[in-house]
1. Would you check which residues across segment 67-88 are out of contact with any strand residue (DSSP E or B) (no Cβ under 6 Å at 6 or more places or on another chain) and surrounded by 13 or more Cβ atoms within 10 Å (Cβ to Cβ) and list them?
2. Scan segment 106-120 and give yes if some residue there is more than 30 Å from residue 77 (Cα to Cα), without any contact (Cβ under 8 Å) to a residue 40 or more places away in the chain and assigned by TED's automatic domain parsing to the domain that holds residue 15, otherwise no.
3. Could you check residue 77 against (1) in contact with a helix residue (DSSP H, G or I) (Cβ under 9 Å, 6 or more places away or on another chain); (2) within 21 Å of residue 117 (Cβ to Cβ); (3) not in a loop (DSSP other than H, G, I, E, B) and say which number it fails?
4. Would you pick out the residues in segment 38-61 that are over 14 Å from the mean Cα position of the chain (by Cα) and surrounded by 12 or more Cβ atoms within 10 Å (Cβ to Cβ)?
């Protein structure tokens, strides 16, 4: 498990194109309506850029500054270059995340790591189920009824309110 998870951590695991981001866009406001303070960690397999070529922050980072903090009256972004290019570990990212004002951390991706997850599955994608090889999957949100063990809760992927109820009741045990 994650040594640096000081509050509940819940992942959403699925193959690309299943709709993880879309579902999280629906779930996060519903959780916030319940008064929860939510953070999200999203794993990207791309070499993304937050700032753009020509912008001061990009130029200063390209000149060798790391980390670079870009801040305005609305938000803050901290860009840190990694000395060695390698796949990030979730626990390392949790170590630098200020969790003191949070109630729940949602994670998109990091499906191979050991922490509680809800698997998303759409039959049209014709992809294998993850839960048989991942004992950390606590529920599966799907668009069809599956033959799964009784210990694995099945949720309707198209009913975000029911997924939120599961998170509040079964995972966080708040209701």
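1. Within segment 67-88, the subset out of contact with any strand residue (DSSP E or B) (no Cβ under 6 Å at 6 or more places or on another chain) is 71-76, 80-88.
Within segment 67-88, 88 is the sole residue that qualifies.
2. Initially, segment 106-120 is screened for residues more than 30 Å from residue 77 (Cα to Cα), giving none.
No, because not a single residue in segment 106-120 is more than 30 Å from residue 77 (Cα to Cα), without any contact (Cβ under 8 Å) to a residue 40 or more places away in the chain and assigned by TED's automatic domain parsing to the domain that holds residue 15.
3. Evaluating residue 77 over (1) in contact with a helix residue (DSSP H, G or I) (Cβ under 9 Å, 6 or more places away or on another chain); (2) within 21 Å of residue 117 (Cβ to Cβ); (3) not in a loop (DSSP other than H, G, I, E, B) leaves (2) as the failure.
4. Going residue by residue through segment 38-61, those that are over 14 Å from the mean Cα position of the chain (by Cα) are 46-61.
Selection gives 50, 51, 55, 57, 58, 59, 60, 61.
Residue-wise test of (1) surrounded by 13 or more Cβ atoms within 10 Å (Cβ to Cβ); (2) not in a loop (DSSP other than H, G, I, E, B).
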residue: 102; (1), (2): yes, no
residue: 110; (1), (2): yes, no
residue: 124; (1), (2): no, yes
residue: 139; (1), (2): yes, yes
residue: 144; (1), (2): no, no
residue: 151; (1), (2): no, no
residue: 154; (1), (2): yes, yes
residue: 158; (1), (2): yes, no
residue: 164; (1), (2): yes, yes
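The values are calculated or read from the model by the stated rules, or taken from the named source; none is laboratory data. Predicted model, so just to flag it, every value in this text is computed and none were measured. Please note: Cβ atoms are built from the backbone with ideal geometry, for glycine as well, and neighbour counts cover all protein chains shown.
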